[in-house]
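Remarks on the structure that follows.
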Amino acid sequence: MFPTSPASTLFLVLLVGLLAGALVVILALLMPRGPERGFKRRRYEAGNPPSGEAKVRLPFQYYGYLLLYLSVEPAMVILYLLTFAERFPASAVLMLLVLLPAVALGAKLADELERWRL
């Protein structure tokens, strides 16, 4: 039977993440690169030659919430994993004390649509 302690689970998740990241780096180094052209560095282009105006403009009204979610969700996963620990570490309490005001400020700023206009 496999070990089921929280530490071994966390180690396994970190190991899989590091292996996946290493695989991406190795593939990026091995794959051939195409010719560098000026339009690859232009805004809103994905490496293709520009061909007129965009069909649809991406609305940025939820961009603040997206940034908030992407920055807070990993910390919440760590806190969730720490709930299985026998002793709640002081670093988790410190993380909560720092994270909660940041989340409140991020939610307030995400509601201000004029910040996210192009």
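Here the dipole of region 56-116 is about 60 debye; that uses its Cα centre as origin and unit charges on the Cβ of Lys and Arg (positive) and Asp and Glu (negative). Given their separation in residues at 0.36 nm each and the Cα-Cα distance between them, L15 and S71 gain 18.0 nm when the chain is fully extended. Our coupling estimate for region 14-28, obtained by passing each phi through the Karplus curve with A = 6.51, B = -1.76, C = 1.60 and θ = phi - 60°, is 5, 5, 5, x, 5, 5, 5, x, 5, 5, 5, 5, 5, 5, 5 Hz, Gly and Pro reported as x. In order along region 79-84, the phi-based Karplus estimate (6.51 cos²θ - 1.76 cosθ + 1.60, θ = phi - 60°) of 3J(HN,Hα) comes to 5, 5, 5, 6, 5, 8 Hz; Gly and Pro are listed as x.
For region 89-97, the Karplus equation 6.51 cos²θ - 1.76 cosθ + 1.60, evaluated at θ = phi - 60°, returns couplings of x, 5, 5, 5, 5, 4, 4, 5, 5 Hz by residue, with Gly and Pro reported as x.
Just so you know, all these numbers are worked out from the coordinates, no wet-lab data involved. None of the values given here were measured: they were computed from a predicted structure. Cβ: placed from backbone, ideal geometry, glycine included. Neighbour counts: every protein chain shown.
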